[in-house]
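The values are calculated or read from the model by the stated rules, or taken from the named source; none is laboratory data. The shown structure was predicted, so the numbers you read here are calculated from the model rather than taken from an experiment. Ideal geometry is used to build each Cβ from the backbone, glycine not excepted, and the neighbour counts take in all protein chains shown. Ligands, DNA and RNA are stripped out before the accessible areas are found, and what is left, the full protein with its side chains, is counted by its heavy atoms. Shrake-Rupley method; radii C 1.70, N 1.55, O 1.52, S 1.80 Å.
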Amino acid sequence: MSIDAAPHPTRTAAGPVTARLNVTWTGPEDGPVVLFAHGFGCDQGMWDGVLPHFSDDHRVVRYDLMGYGQSDFSAYDPVRYSTLDGHADDILAICAELDLRDVTIVAHSVSTMMAVMAAIREPGRFRQVVLVAANPYFLQDPATGYDGGFSDADMTEVAGALDSNYFTWAEAMAPVIMGTPEAPEHGERLTASFCRVNPDVARQLLGIMFTTDYRPLLPQVTVPTVVLQARADALVPASTAGYLHAHLAGSTLVQLQALGHCPHISAPEETAAAIRAHLLTT
Amino acid sequence: MTPDYADLWEHAPGSHLLLDDDGLITAANATFCEWTGHAAADLLGRPFTSLLPIGDRVLHTTHALPQLMVTGRIAEASVQVIGADGQRHPALMGATRVTAGLPAPETRVVLVDAQQRRRYEEELLTARRRAEESQARIAAAEAALTELVHHDSLTGLLNRPGLLHALHGRLGRWGADATGPGTAVPTVFFIDLDGFKAVNDGLGHSSGDELLRVVARRLEDASRAGADVARLAGDEFVVLDDVSPAGTRRVAARLLDVLAEPVVLQGVEVVVAASIGSCAAEVPVAPADVEGAADLVLLRADTAMYRAKAQGSGRWEAHVPGSPDPAADRLVLLEQLRGAIRDGELRVHYQPRMDLPTGGVSGVEALVRWQHPTRGLLQPDAFIDAAEESGVIRDLGAWVLSEAVEQAVRWDAAGVAPGLQVAVNVSARQLADTDLVARVAGVLARAGLPASRLVLEITETALMHDPESALTTLQALRALGVLLAVDDFGTGYSSFTYLKQFPVDELKIDRSFVAGMTTDAGDRAIVASCVHLAHAMGLVAVAEGVESPDERDALVALGCDQAQGYWFSRPVPADEVPFPAAVGV
């Protein structure tokens, strides 16, 4: 894993939405727009490994999900974010505030369904949707033979784990000074906090993510999609990628060699290359 | 001697694992195997996450792994490790990912048994959850209390505070952007039953209560789900809903319809029609004006209801914007009147009462005036009804009583009219006031005026409003030694049974009969009957409103004892009362 210095300085905006969601961007301003949406459990730093593969010739925009990273927790409204719609609105609000057009959105994990919602609501805004480790429904549906990978008993366990790890999580919110001689290239950024998560927010988001069936959204997507699936993803069964491919009209399925739920972290080169290989050009 | 690192690895105080970048276990030390019961050979090549319960697996995958991959390190993640026997071992996990100097990246995991710490954490967590629950319970209890305070126990509808709360909410929430012609706006339908008193009197209170409950259910059923339905008092109901101007008539008609249906009470079919007045709020309302706007829209609907009732039963009238607005005027008036009492704008004028046989002044009636800063001197009919309905009459009446009694003492001191009686009016609301007797006694005692010099005039209508409690109050006043007069006699519906029991001293014959007695034989007969009745009961007969010498002569001929009116003197300020000589003779 090596990260080159970004050739263009990262900028942050002064608008209310971009400030609230800690939106940052880099790359040439006239380049095609790639918007990265991170997944459950971390922040936009998750994309650090793939960023250099885009920032030369793309306007790369990243943000922190509300309740994560450097987003403004004081703006967290449990009602607004009681479904993914509030987060999908955030994506559209970022696009509107920065006047992003023809956007390629690359979304990971829980953000994939937010991106799907945003693309359904404003299809004209997006050129392409790239889904990394997407799971439209985590539970089983015996009626249709669908298996999202988790049983009801698993769900109870997951909720319990969130509870029992509460204090650890709360501690994780404090800034951490990272002395990592093995990875000096991260040193600078990591003197700040990493993967700061508000545990209450995480609990709510995980609850939504694990109990809501987003499958009905899939046929409504008209924007071209790319589905990236890694091997042995603990949160996404292998069959799910096929399901997505079958229900997203005209989608492209890319099977990665990378392992696990976060291929953009464990194998940023491969992931970036797979995304680039399927980027549409105007 | 070289330290035995191999032995340190195997038997370190903590459990240690090595993982490759695919998360597979490449080495496990003896401490780990002893702690979990797993054989080292079984662990090799197995995904580390398979040792975690599913919840921890999710957290590890979504939180710990990204952090480990990017920062190279995680510290003190709270996990459980599943042992060979299926038992879960609470542990704190730390890990570093090492890349330098190795053919492939390696993750070094240390697990420390955390049984005790986990127990503490669980206790803390339970306490936190319990605190959250108790907060939720307190909130629920408060909500239940509010519910209680805002509802009418008889019908379960909102009561007046509940309705005001709902109305304030609707007005306060109204956005400035929501207006436009045809928009639904908060609209009050003020409903008054027409036949309720007859039911209460004829079939008893329990039937009256039943009727109110039936009406309440019907109003609820006839209203939209989002509407607020309230019972304000007695048989007054309000339906509050967001209604477009065009929809108002429809809503009113539906409400009138459901109330026109007969109700069966104790086997008797009763028809209670209603009168409805409606008023739409003028939105949007500035936050500071919400309460005033709510009062105004209720008053306007109430006023419209009275207009509907005046035209007969079963009718609806809407408040007409831009028309003269008695409701708004009344609010302003009341506010000014409160200020007038405080700022000394009220005056008492005195009208002499003549002794007809002698032509001398036997007493004066105290009459309140309002020296209004812009409208000039106002007569009582301009403000007394509003004062009575709003309760301002209590303060106003108390002030007049005290002023009149003190004036009598001043006249005594000046020696102008020894033994002069001062008559003061007492309204229905004052009569119902439990403080009245004590207040009268206090005023007399402070001023040092003998009770027999004070006459309290109470209208026939006020006495008959609640005759039984009036009787109690009159007896208590009489016990003080105060004289009592029945005012406006002949205009109400006196029950002679009661009248006989009331300890009164005077009957004041209403001016409307006096005015007609020289031209109308009927009026003359009524006045004659009143004089006879008074004398038969041992009361003094007093004629009001005498405006001509003919009227005076006719009264003298009928044997009337006393009289007052413009012919003798208008009500005048205290220093202009014509003492001591008789006037007009």
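Would you be able to tell me the number of residues in segment B:228-273 that are open to solvent by less than 40 Å² (accessible area, probe 1.4 Å), of a type in the set (Asp, Glu) and over 18 Å from residue B:308 (Cβ atoms)? Looking only at that region, the number is 2.
For segment A:217-265, enumerate the residues that are within 14 Å of chain B (Cβ to nearest Cβ), of a type in the set (A, V, I, L, M) and within 18 Å of the chain's Cα centre (by Cα). A:230, A:234, A:235, A:236, A:256, A:258, A:259, A:265, listed by residue number.
Assess whether residue B:65 counts as being within 14 Å of chain A (Cβ to nearest Cβ) and either of a type in the set (A, V, I, L, M) or in contact (Cβ under 8 Å) with a residue 40 or more places away in the chain (or both). Quick ask: steps written out before the conclusion?
Details: within 14 Å of chain A (Cβ to nearest Cβ): yes; either of a type in the set (A, V, I, L, M) or in contact (Cβ under 8 Å) with a residue 40 or more places away in the chain (or both): yes.
So residue B:65 fits the description; yes.
When B:77, B:91 are screened for being open to solvent by less than 20 Å² (accessible area, probe 1.4 Å) and either out of contact with any His (no Cβ under 6 Å at 6 or more places or on another chain) or within 11 Å of chain A (Cβ to nearest Cβ) (or both), only B:91 passes. So, in segment B:437-460, of the ones that are in contact with a strand residue (DSSP E or B) (Cβ under 7 Å, 6 or more places away or on another chain) and assigned to a helix (DSSP H, G or I), which residue ends up modelled with the lowest pLDDT? The extreme case among them is B:460. Restricting attention to segment B:275-304, the residues that are closer than 30 Å to residue B:194 by Cβ, in contact with a Gly (Cβ under 7 Å, 6 or more places away or on another chain) and open to solvent by 20 Å² or more (accessible area, probe 1.4 Å) add up to 2. For segment A:76-95, a residue qualifies if it is of a type in the set (A, V, I, L, M, F, W, C) and surrounded by 14 or more Cβ atoms within 10 Å (Cβ to Cβ), and the qualifying residues are A:84, A:88, A:91, A:92, A:93, A:94, A:95. Scanning segment B:342-355 for any residue that is in a helix (DSSP H, G or I) and among the charged types (D, E, K, R) turns up at least one such residue. When B:470, B:417, B:423, B:366 are screened for being on the phi < 0 side of the Ramachandran plot and assigned to a helix (DSSP H, G or I), only B:470 passes. Within segment A:131-164, if we keep just the residues that are within 29 Å of residue A:221 (Cα to Cα), within 14 Å of another protein chain (Cβ to nearest Cβ) and open to solvent by 40 Å² or more (accessible area, probe 1.4 Å), the residue that is farthest from the chain's Cα centre (by Cα) turns out to be A:152.
Just to check your reading of the model, which residue among B:478, B:511 is open to solvent by 10 Å² or more (accessible area, probe 1.4 Å), of a type outside the set (Gly, Ala, Ser) and at pLDDT below 90?
Values: B:478 fails: at pLDDT below 90.
B:511 is the lone residue from the list that is open to solvent by 10 Å² or more (accessible area, probe 1.4 Å), of a type outside the set (Gly, Ala, Ser) and at pLDDT below 90.
Scanning segment A:83-130 for residues that are in contact with a Leu (Cβ under 8 Å, 6 or more places away or on another chain) and within 14 Å of chain B (Cβ to nearest Cβ), we see that the one that is nearest to residue A:217 (Cα to Cα) is A:112.
Identify, from the list A:24, A:18, A:12, the residue that is closer than 21 Å to residue B:70 by Cβ and at pLDDT 85 or above. Spell out the reasoning first.
Details: A:18 fails: closer than 21 Å to residue B:70 by Cβ; A:12 fails: at pLDDT 85 or above.
Sole residue among the options that is closer than 21 Å to residue B:70 by Cβ and at pLDDT 85 or above: A:24.
On the stretch given as segment A:243-259, residues that are open to solvent by 50 Å² or more (accessible area, probe 1.4 Å) and either among the small types (Gly, Ala, Ser) or assigned to a loop (DSSP other than H, G, I, E, B) (or both) total 3.
Residue B:113 meets all of the listed conditions (1) surrounded by 13 or more Cβ atoms within 10 Å (Cβ to Cβ); (2) at the interface with chain A (Cβ under 10 Å from one of its Cβ atoms) but one, namely (2). Take residue A:106 and decide whether it is farther than 21 Å from residue A:196 by Cβ, without any contact (Cβ under 8 Å) to a residue 60 or more places away in the chain, part of a strand (DSSP E or B) and open to solvent by less than 10 Å² (accessible area, probe 1.4 Å). So residue A:106 does not fit the description; no.
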